[in-house]
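The values are calculated or read from the model by the stated rules, or taken from the named source; none is laboratory data. Just so it is clear, the model here is predicted, and its values are computed rather than measured. Here the Cβ positions follow ideal geometry from the backbone for every residue, glycine too, while neighbour counts run over all protein chains shown. We work out accessible area using only protein heavy atoms, side chains counted, and drop any ligands, DNA or RNA first. Shrake-Rupley method; radii C 1.70, N 1.55, O 1.52, S 1.80 Å.
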Amino acid sequence: MSKKVDLSIDFLGVHCENPFFLSSSPVCHNYEMIAKCFDLGWGGVFYKTVGINGMNECSPRFDNVRKEDIGWVGFKNMEQISEHCWQENAEIIKRLKHDYPTKVMGVSIMGANEEEWALLAREMTKAGADMLELNFSCPQMTSHAMGSDVGQTPELVEKYTRVVKENTNVPVIAKMTPNISHMEVPSKAAVKGGADAISSINTIKSICNLDLENVTGMPVVNGKSSISGYSGAAVKPIALRFLAQLKMDKDLANVPVSGIGGIETWQDAVEFLLLGAENLQVTTSVMQYGYRVVEDMKDGLEIFMLEHGFTSLRDFIGKALPNIIPCEDLDRDFQIIPEIHDDLCVRCGRCAISCYDGGHQAIEIEKGTRKPLITDKCVGCHLCLNVCPVLGAITPGFIKFKPGRTPHDVVIKHTYDR
Amino acid sequence: MTKVRQLPYGELAENGLNIRLAMEEATRCLLCDDAPCSHDCPAGTDPGRFIRAIRFRNFKGAARIIRENNILGATCAEICPQERLCEKACSRCGIDKPINIGRLQAFAMSMEKDMKFQVLEAGKPCGKKVACIGAGPSSLAVAAELAKKGVSVTILDENEKAGGVLRYGITPSRLSDDVIDQDIKAVTDLGVKIVLNKHVSKDDLCALMAEYDAVYVGVGQSASKMIPNMKGADLKGVDTALPFLKKARIANGKIGDLGNVVIIGGGDVAMDCASTARQCGAKSVTVSFVETWETMPASKKEVDYVVDLGVTIIPAFKPLEVIGDDKVSAVKLAAMEGNSSMTLDADTVIFAVGQKVSDDYKDIKADGKLFVGGDAALVRGATVVEAVKSGKEIAEAIAKFLQI
Ligand SMILES: Cc1cc2nc3c(=O)[nH]c(=O)nc-3n(C[C@H](O)[C@H](O)[C@H](O)COP(=O)(O)OP(=O)(O)OC[C@H]3O[C@@H](n4cnc5c(N)ncnc54)[C@H](O)[C@@H]3O)c2cc1C
Ligand SMILES: Cc1cc2nc3c(=O)[nH]c(=O)nc-3n(C[C@H](O)[C@H](O)[C@H](O)COP(=O)(O)O)c2cc1C
Ligand code: SF4
Ligand code: SF4
Ligand code: SF4
């Protein structure tokens, strides 16, 4: 059999056989589901947020965003926290911890006041939680004393985190909402309250589609709809941005982060790791494709590590952070003029349309041959390269220094594989 | 564009997919539960699993899955009759058309070439040694599976290059040397030794039996069948399929003036002869067989391909005689039903009416430390993917026999 590499990592002092966890959501809300996901190779879970009482949910509660023929670009849900009361959940957690001692049982909790937070922290710790994740971030709670309304108020975040810390001896992670411009602020409050780590992101407030039939949003709940959480592939860019901002803040740089948001492939996973995440959580791609997605996440990550000679995840966690810099610090001395490869070009002219209507009118179509030719008006924006339907037909060409700038070495991207 | 496809001998009939095109095709896959396509791959290549790997951009992982399951994964991608195997079972048929599993498999295997580590590793040496006669697909599969278990394996073949029918039968436009070499490298990387230009006679077999812990006979069907009592069969210009294809392969298509070619036979082998004759510059190529369009054994993919190349097909006619003095000048055919008959001018006539095990091995039976598989164990030749299946099973049986 072929080589295997070690994907394990110690996160907050808890040994995880791999960094892939289910994030708190319906993908992990009962014994059978979590047993199946463990059997298929997930490293751990953050158990569906436990509250004092079970929730009263609406129906239907999901919608998705399509782009041309691709569905599930993004996913919207109107679900709250666990449908079970805390006692039932404690029972399930106890059994899972007993039957799967090497897997990591994170448990997400949410209270409405200090007493509730304290009780949940105590009881879930007693049930066997290896870590507690504090849900300060569900954007569609029916109570405004809970969820993202709390997460947007640093004082409450600090207060509740402290209460939890006082009632548990396991690591505590604060799960933050992206429905805020600076996640660093409540994150620092959580750390001040004693949080050991941050989880980011929960879902983004959204209205995905309007239903023209009933003149309301989707999904339609008895003729009405609500603003609620958006997740899946479409939110990855936003999740990565929050992650980078947390890791680049000097006060938070050393606070471990569990990365969440749109992870579907091993490449997504590597991107989160390169920006400093030490643990990874997934919901939407599991809802769409099943627990089996972890197989290619693990396999692809392992091959990536083998090929780069990495023996531990820590060899590359955070490696991309020094290369994410403020806009004002970018080298603006040059333009990379693209090259159109005549042998691959199929003469569709999409590059010329986009360059004209969205760029700099720098592509001329040769009469008769339909061949696109790049002229001196080109500014090197690479809109054409992004729009071209043929992989490799337009690639970065030559580097042109702006008048008066001193030529120097420039690092460029050569291979495009999407 | 001309209606007839011009394809020089050896030039590939189909282009590979790049990442974007592979993703488009993989996105069509429904990612079925308990994938039906996987159930219908004889060798257990598990297309449902490797397509999912492609879909989740785990391209090299896809290559690894294929290689672990099917040592001839790159070859099978090109020449499996997918339309009656994996693709026939594809759930997507219920929507429009099946996933192009062969192309996706070929794409994944093309990614293997960039892999910076060896996918398969030999097992810990167990001290046993096995000889395989013939370097065709079945022996290659037996050898790879045993090497993974730590057996020291030596393959012996009479030809100059390894591959059996892959190398000397199937045409290079359908299966390039590069692809065969990629698969054979995976076998030799496991430490399997291949001894070439070594014909193993009955006597040699006895010696091998004495020297090795087990011997596998994977000699395939290397003799040509002929229609009994065919008048004119020994005229100059009359040939059978295997020697004709081998000659073309060795001479890289430069086998002189074939003139008008008539091929007798309706199977894939006949189709390979037809495309080869066409690509070697024959003036005209006609294929005739006794079966009807419906019952002819050749796969639809092969028939479409030769028709594209400008080959004429005449179903439901049987050959009566080959006409000529010293050299063939025509073939006389009669309709299977009714009284029609025709005489076709011919400078070359190729009989592709089946292959059989060579005389040396035709009665050989598995016995004790002697194992027989692949086409050599069959009355009628099968496919490469079934030879791999047979090889995997026999490797298990040998391992059991050797108690490893
Ligand atoms: C023209 C042609 C086209 C085909 N096309 C397809 C196709 O498109 N798809 C598909 O799936 N299948 C196809 N097949 C069938 C497929 O190739 C065979 O089923 C498969 O190759 C059988 O593998 P094997 O290992 O049993 O034997 P072979 O491939 O026949 O290999 C046997 C090897 O043993 C050697 N050998 C024989 N006797 C001796 C000896 N005494 N000493 C040393 N060496 C010896 C032979 O020279 C040969 O190299 C085709 C077959 C032919 C003939
Ligand atoms: C249906 C659904 C229910 C969710 N329920 C919870 C929850 O109970 N607690 C929580 O912390 N996050 C919850 N989330 C948010 C996810 O855990 C996760 O943070 C978010 O979906 C982004 O990750 P993803 O893109 O992988 O889905 C829920 C998400 C979805 C889609
Ligand atoms: S790089 Fe921008 S400006 Fe230049 S040709 Fe392409 S689209 Fe036009
Ligand atoms: S090996 Fe052949 S039959 Fe099996 S999945 Fe691949 S192409 Fe299909
Ligand atoms: S049966 Fe077809 S659609 Fe289903 S997994 Fe296999 S290739 Fe995909």
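Cross-link partners for A:Lys367 among the lysines, with Cα-Cα distance under 21 Å and sequence neighbours closer than 8 places in the same chain left out: A:Lys377.
Under 18 Å of direct C-alpha separation, and excluding same-chain neighbours fewer than eight residues apart, A:Lys400 reaches these aspartates and glutamates: A:Asp331, A:Asp333, A:Glu339, A:Asp376, A:Asp409.
Taking only the alpha carbons of chain A, we obtain Rg and Dmax values of 24.1, 78 Å in that order.
The calculated FRET efficiency for the pair B:Asp189 and A:Val221, based on their C-beta separation and a Förster distance of 56 Å, comes to about 0.40. For the range A:92-119, backbone nitrogen atoms closer than 16 Å to the point 7 Å from A:Cys85 Cα along Cα-to-C-beta are found at A:92, A:116, A:119. When the alpha-carbon atoms of the range B:204-321 are used, the pair Rg, Dmax equals 17.4, 53 angstrom. The residue list A:Gly194, B:Ala186, A:Leu119 was ranked by how far each Cα lies along the charge dipole of the protein assembly as shown toward its positive end, using unit charges on Cβ atoms, and B:Ala186 comes out on top. Two numbers describe the Cα atoms of the range A:331-401: Rg and Dmax, which are 11.4, 40 Å. Taking the longest Cα principal axis of chain B as reference, the axis of helix B:384-402 is set at about 40 degrees. Report, to the nearest 10°, how far helix B:101-112 tilts away from the longest principal axis of the Cα atoms in chain B, using its own Cα long axis and a range of 0 to 90°. Taking the Cα atoms of chain B, the angle to B:101-112 is about 50 degrees.
Placing unit charges on the Cβ atoms only, positive for Lys and Arg and negative for Asp and Glu, gives the range B:116-208 a dipole magnitude near 360 debye about its Cα centre.
When B:Val195, B:Val385, B:Val219 are compared by accessible area at a 1.4 angstrom probe, the order from most to least is B:Val195, B:Val219, B:Val385. The slack in the chain from A:Asp251 to A:Glu307, taken as 0.36 nm per residue of separation less the alpha-carbon distance, amounts to 16.7 nm. Heavy atoms only, probe 1.4 Å: what % of the accessible area of the protein assembly as shown goes to carbon and sulfur, would you let me know? Carbon-and-sulfur percentage of accessible area, whole number: 52. Pairs exceeding a 32 Å alpha-carbon distance, out of B:Lys202/B:Lys254; B:Lys3/B:Lys88; B:Lys246/B:Lys332; B:Lys332/B:Lys356: B:Lys202/B:Lys254.
Interface size, chains B and A: roughly 2500 Å² of accessible area buried, both sides included, 1.4 Å probe, rounded to the nearest 100. Think of the range B:224-354 as having a plus end and a minus end, set by charges on the Cβ of Lys, Arg, Asp and Glu; of B:Ile255, B:Leu235, B:Ser224, B:Ile255 sits farthest toward the positive end of this dipole. Site pair A:Arg370 and A:Asp333 shows an inter-label distance of 4.2 nm when each label is modelled 7 Å from Cα along Cα→Cβ. Accessible surface for the range B:224-354, divided over its residues, is 45 Å² per residue with a 1.4 Å probe.
Ordering A:Asn169, A:Pro219, A:Thr284 by the projection of their Cα atoms onto the charge dipole of the range A:9-323, which places +1 on the Cβ of Lys and Arg and -1 on the Cβ of Asp and Glu, puts A:Asn169 at the extreme positive end.
Loop-located trypsin sites (Lys or Arg not before Pro) across the range A:1-101 with a Cβ neighbour count of 15 or fewer within 10 Å are A:Lys3, A:Lys4, with loop assigned by DSSP.
Dipole check for the range A:69-197: with +1 at the C-beta of Lys and Arg, -1 at the C-beta of Asp and Glu, and the Cα centre as origin, the magnitude is about 340 Debye. For chain A, averaging the sequence separation of C-alpha pairs within contact (under 8 Å, six or more residues apart) and dividing by the residue count gives a relative contact order of 13 percent. Note on A:Glu57 and A:Arg95: the extension gain reaches 11.1 nm, defined as 0.36 nm multiplied by sequence separation minus the Cα-Cα distance.
Put a plus charge on the Cβ of each Lys and Arg, a minus charge on the Cβ of each Asp and Glu, and nothing anywhere else: the dipole of chain B about its Cα centre is then about 860 debye.
The length gained on full extension between B:Asp114 and B:Arg20, counted as 0.36 nm times the residue separation minus their Cα-Cα distance, comes to 32.1 nm.
In terms of overall dimensions, the C-alpha atoms belonging to the protein assembly as shown reach 106, 74, 60 Å along their principal axes, ordered largest to smallest.
Excluding same-chain neighbours fewer than eight residues apart, the aspartates and glutamates reachable from B:Lys185 by a Cα-Cα span under 15 Å are B:Glu68, B:Glu112, B:Asp114, B:Glu121, B:Glu145, B:Asp177. Give the calculated FRET efficiency between B:Glu11 and A:Thr153 to the nearest 0.05, with a Förster radius of 60 Å applied to their Cβ-Cβ distance. Once rounded, the FRET efficiency stands at 0.30. For chain A, the per residue solvent-accessible surface stands at 45 Å², with DNA, RNA and ligands left out and a 1.4 Å probe. Roughly how compact is the range A:210-303, stated as its Cα Rg over 2.2 N^0.38 Å to two decimals? After normalising by residue count via 2.2 N^0.38 Å, the value is 1.36. Working from Cα pairs under 8 Å separated by at least six residues, relative contact order for the range B:224-354 is 34 percent. Of the chymotrypsin sites (Phe, Trp or Tyr not before Pro) found in the range B:38-144, those in coil by DSSP whose Cβ has at most 15 other Cβ atoms within 10 Å are B:Phe117. Of B:Gly391, B:Gly310, B:Gly373, which has the largest mean-square fluctuation in a 10 Å C-alpha GNM of chain B? Among B:Gly391, B:Gly310, B:Gly373, the largest mean-square fluctuation in the Gaussian network model of chain B belongs to B:Gly310. Note on B:Lys400 and B:Asp178: the model spin-label points, each 7 Å out from Cα along the C-beta direction, lie 4.1 nm apart. Label sites at A:Ser143 and A:Thr415, each approximated as a point 7 angstrom past Cα along Cα to Cβ, lie 5.3 nm apart.
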